[in-house]
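Before any comments, here is the structure.
Values in this text are rule-based calculations from the coordinates and carry no lab data. All values derive from a computational prediction rather than experimental measurement. Using ideal geometry, Cβ is built from the backbone for each residue, glycine included, and neighbour counts are taken over all protein chains shown.
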Amino acid sequence: MSAFLAWGLSIGMALSNIAMRWTPLAVLSRLELPETVRRWLGYIPVTVMAAIVTVQILHPDGVFRFDLTNPYLLAALPTAAVYKFTRSFLGATVTGMVAFLAFRYVLA
């Protein structure tokens, strides 16, 4: 593949990606959406994040691991608890990192 073709494909993909993301935002930003639709749309980021995180926790190395030797799963529990009780994203992140390192060290 030539450098010209590679650059052309990269620029073309970037432009199509921008167009696909920008068009709905441009259209929806000019509309007055009903409250029910706005509340429904508000759940999308949380749902997507939960799906991504769940796959990474339960399927860490390409193998489904729902057991007590999975440091990802074990670290998720105190992380979720810290966030639930403190609502601190930073606190939950630090807790998750420390818990993961500790569980990985203990289980290794």
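What the table shows:
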quantity	calculated
P(r), alpha carbons of the chain - 5 Å bins starting at zero, rounded %	2, 10, 11, 14, 11, 10, 11, 13, 11, 6, 1, 0
Extended-chain gain in nm, criterion 0.36 nm per residue less alpha-carbon gap, Trp40 and Ala81	12.2 nm
Sparse-neighbour loop sites [trypsin sites (Lys or Arg not before Pro); the stretch 12-108; at most 13 other C-beta within 10 Å; DSSP]	Arg30, Arg87
Loop-resident sites, the stretch 45-82, for chymotrypsin sites (Phe, Trp or Tyr not before Pro), counting at most 14 other Cβ within 10 Å (DSSP)	Phe64, Phe66
Point-to-point label distance, Ile11-Val63, nm (Cα→Cβ direction, 7 Å offset)	4.7
Sequence ranges 88-100, 41-53, ranked by mean other-Cβ count within 10 angstrom, highest first	88-100, 41-53
Cβ-placed point charges (K, R +1; D, E -1), dipole of the stretch 35-107 about Cα centre in debye, nearest 20	200
